[in-house]
Amino acid sequence: MLTQALLVDDSRSVLNFLKRHIETEGLVEATTFLDPVEALACARERVFDLVLVDYEMPHMDGISFIRVFRTLPGCADIPIAMITSRQTDDVKMEALQAGATDFLPKQPQSVEMTVRLRNLIQLGAAVRKLNDRAAHLASEVEAATRKLGEREEEIILRLALAVEFRDNDTGEHTLRVARYSRIIAEQLGLPARLCRDIYLAAPLHDVGKVAIPDNILLKPGKLTDDEMAVIRTHATIGERILADSSCELIRLGAQIAAGHHERWDGAGYPNGLRADEIPVAARVVAVADVFDALTTRRPYKEPMPLEVARNYLAENKGRQFDPACVEAFLSRWDEVIEIATGRRTTPFQKAAPPLAPTLESAAEKRPVDDQPIPAA
């Protein structure tokens, strides 16, 4: 690949000489400009490996040109030589401070110019190779980071599904809660990265249920007070399972696991947090989790109609739920209906398709949900 040189001088004869001289060995392709402003416009669109610019030009001198050129994206390290017959210490210092790499004497037959020019061409080619290598490495790092992120997300999802399959034969509750949570987070105006992370960590909300005995978790009838107390330990257990991880997503999952049964009015568990004391991710998932519990079939109840569940959320904002989270959820009701009725899919399904129904016949043994269920 030829070294690309940008030549800027208000003298056409000087430009023609420089172009012939720099292209003699066939290693350089030169682009010439009489007007420095036009040269800068070109540099904004094209990548150059080397710049030669005259010091004295109308409209913009060489030092001003260098200053502007150095501010262009990708132009911080490109070798720039200023061509001038006024190589005083003051001029050199000002040019160097502006970003000049070297100086070329304005004498066409100068041996010094030939040697310096050859060195600049080699430097320009070396800088380009380094930049290409750096770009290649950055691309590889980005790809590797993306791959690690995808694996991290899949592991988190499969961990959540492993818990879900203990008492739900499809795992769809986990996926719907994730989708609802993303809707709420987006509508709240949370940062895009946090919206994504809440979506990915939401499925971990019930991970603590792995420690709940089957005779309680899978009990088809009403739980006793003692059994309910055991069920409620899943929030604290989930936090302990996920806490102190080096993975940011899992740490967020710990917040969600610990806080998704807290209530806005402080009457929730395990810590009786209220209002903004509850982490925002947990407040988001609380709305998503309850809504899905209300609107899906359980062994002890039929699914609540969507509009009735909607009214329940509206009636309990400011008591059980963060009012802003409820308003955010209800403001995108059409999307909620699509998710609730199975008309909207998610990338999660590509990462972890539901297991075949024949692998588990627990549909008749699903436990009572520990969320409050109002009369339909």
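The values are calculated or read from the model by the stated rules, or taken from the named source; none is laboratory data. As the structure is a computational prediction, the values presented were derived from the model and not from experiment. FYI the Cβ positions are ideal-geometry reconstructions off the backbone, even for glycines, and counts take in every protein chain you see.
Among the residues of the range 266-282, those that are assigned to a loop (DSSP other than H, G, I, E, B) and not aliphatic (A, V, I, L, M) comprise Gly266, Gly268, Tyr269, Pro270, Asn271, Gly272, Arg274, Pro279.
Does any residue of the range 164-186 turn out to be aromatic (Phe, Trp, Tyr) and either within 21 Å of the chain's Cα centre (by Cα) or at pLDDT 75 or above (or both)? Yes, that holds for at least one residue. Only residues that are within 24 Å of Asp49 (Cβ to Cβ) and part of a loop (DSSP other than H, G, I, E, B) were counted across the range 75-86, and they come to 6.
Among residues of the range 18-65 being acidic (Asp, Glu) and under 42 Å from the mean Cα position of the chain (by Cα), the one that is nearest to Gly99 (Cα to Cα) is Asp49.
Just give me the residues in the range 197-246 being aliphatic (A, V, I, L, M) and either over 17 Å from Glu262 (Cβ atoms) or over 38 Å from the mean Cα position of the chain (by Cα) (or both), in sequence order. Selection gives Leu200, Val210, Ala211, Ile212, Ile216, Leu217, Leu218, Leu223, Met228, Ala229, Val230, Ile241.
Return yes or no: is Phe69 among the aromatic types (Phe, Trp, Tyr) and either out of contact with any Ser or Thr (no Cβ under 9 Å at 6 or more places or on another chain) or outside the structural domain of Leu15 (by TED's automatic domain parsing) (or both)? Yes.
Out of all the residues in the range 30-41, is one or more part of a loop (DSSP other than H, G, I, E, B) and without any contact (Cβ under 8 Å) to a residue 12 or more places away in the chain? Taking every residue of the range 30-41 in turn, none turns out to be part of a loop (DSSP other than H, G, I, E, B) and without any contact (Cβ under 8 Å) to a residue 12 or more places away in the chain.
The condition of being at pLDDT 95 or above, closer than 19 Å to His173 by Cβ and more than 27 Å from the chain's Cα centre (by Cα) does not hold for Tyr300. Criterion applied to Val141, Val210, Val115, Val177 was being assigned to a helix (DSSP H, G or I), touching a residue at least 40 places away in the same chain (Cβ under 8 Å) and surrounded by fewer than 22 Cβ atoms within 10 Å (Cβ to Cβ), and the one residue passing it is Val210. Evaluating Arg20 against the criteria (1) part of a loop (DSSP other than H, G, I, E, B); (2) loosely packed, with under 15 Cβ neighbours inside 10 Å; (3) on the phi < 0 side of the Ramachandran plot leaves one unmet condition, (1).
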